[in-house]
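Notes to accompany the following structure.
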Amino acid sequence: MKIQVVKNVLDANDRIAQENRALFDAKGIYVINLMSAPGAGKTTLVEKTILALKDDYRIAVIEGDIQDTYDADRVAALGIPAVQINTGGGCHLDGNMIREALSGLDLDAIDLLIVENVGNLVCPAEFKVGENAKVMLLSTPEGADKPAKYPLMFQESTVLLINKIDLMPYVDFDRDKALRDARAINQDLTIFEVSCRTGDGLGQWFAWLRGRIEAHKRP
Ligand code: MG
Ligand code: ZN
């Protein structure tokens, strides 16, 4: 019985996420759902991505956090429309939260919508929000055991960014194991090794994202 209840919740969310996705498609908006553990560097990646792409594309951000507007303030400081969702203890974003946040954005003036999910390696992967791609960060201090311990997020993601490679000499991160385990879970995973702090490797990520936005734009 309990399993049935959970399934119904996910089915209901999938329907709302599909409606969001149809709206985004109609407006030519490419949407990424950015996920990771707390402190892996999501907001810094968002900032660097905005700085690299904002002259060419219109970007907006939805920030999901349990409380406070710290991350949305960082994005707004770059002159980018940002909506903060405070989940009030909730540990993930869902389709309905995104639908409600859209009233704060001009959907006719967005090419790329970045949804920064709540920092959590577990349930954000279970709830679609209407995204084109799930993108996850794994930072080297978290350890190479995360793909094996939290397989769903690696399975659901289109892109894995291994972040904080500048810290590799100081932390015991088994790079080969992380890559091997992530690829064993998801053969199609596109993997970029980056440092959001130094900018190392980010060019590949920007190029990937530009390609997706271009392919998705309305003529
Ligand atoms: Mg953040
Ligand atoms: Zn949750």
Legend entry - All positions within segment 82-97 that are over 17 Å from residue 129 (Cβ atoms) and either at pLDDT 95 or above or assigned to a strand (DSSP E or B) (or both): none
Inset, instruction - For segment 104-163, please list each of the strands (runs of 3 or more DSSP E) lying entirely inside it that holds at least 3 residues being under 20 Å from residue 66 (Cα atoms), within 16 Å of ligand 1 (Cβ to nearest atom) and open to solvent by 10 Å² or more (accessible area, probe 1.4 Å). - result: none
Inset, instruction - Could you figure out which of (1) in contact with a helix residue (DSSP H, G or I) (Cβ under 7 Å, 6 or more places away or on another chain); (2) more than 16 Å from ligand 2 (Cβ to nearest atom); (3) part of a helix (DSSP H, G or I); (4) open to solvent by less than 50 Å² (accessible area, probe 1.4 Å) isn't true of residue 101? - result: (1)
Legend entry - Residues (in a helix (DSSP H, G or I) and open to solvent by 70 Å² or more (accessible area, probe 1.4 Å)) located in segment 1-22: 2, 3, 4, 5, 6, 7, 8, 9, 15, 18, 19, 21
Legend entry - Residue list for segment 168-193, restricted to those being more than 21 Å from residue 152 (Cβ to Cβ), loosely packed, with under 15 Cβ neighbours inside 10 Å and under 21 Å from the mean Cα position of the chain (by Cα): none
Inset, instruction - For segment 28-42, indicate whether the set of residues that are among the hydroxyl-bearing types (Ser, Thr, Tyr), away from ligand 1 (no atom under 16 Å from the Cβ), within 24 Å of residue 212 (Cα to Cα) and crowded, with 19+ Cβ neighbours inside 10 Å is non-empty. - result: yes
Inset, instruction - Mind listing just one residue for me: the one in segment 43-68 that is more than 11 Å from ligand 1 (Cβ to nearest atom) and of a type outside the set (A, V, I, L, M, F, W, C) and, of those, surrounded by the most Cβ atoms within 10 Å (Cβ to Cβ)? - result: 49
Legend entry - Number of the exception - residue 219 against (1) at pLDDT 95 or above; (2) closer than 30 Å to residue 55 by Cα: (1)
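The values are calculated or read from the model by the stated rules, or taken from the named source; none is laboratory data. None of these values were measured; they are calculated from a predicted model. Every residue, glycine as well, gets a Cβ built from its backbone with ideal geometry; the counts of neighbours run over all protein chains shown. Just the protein is used for accessible areas: all its heavy atoms, side chains included, with ligands, DNA and RNA removed. Shrake-Rupley method; radii C 1.70, N 1.55, O 1.52, S 1.80 Å.
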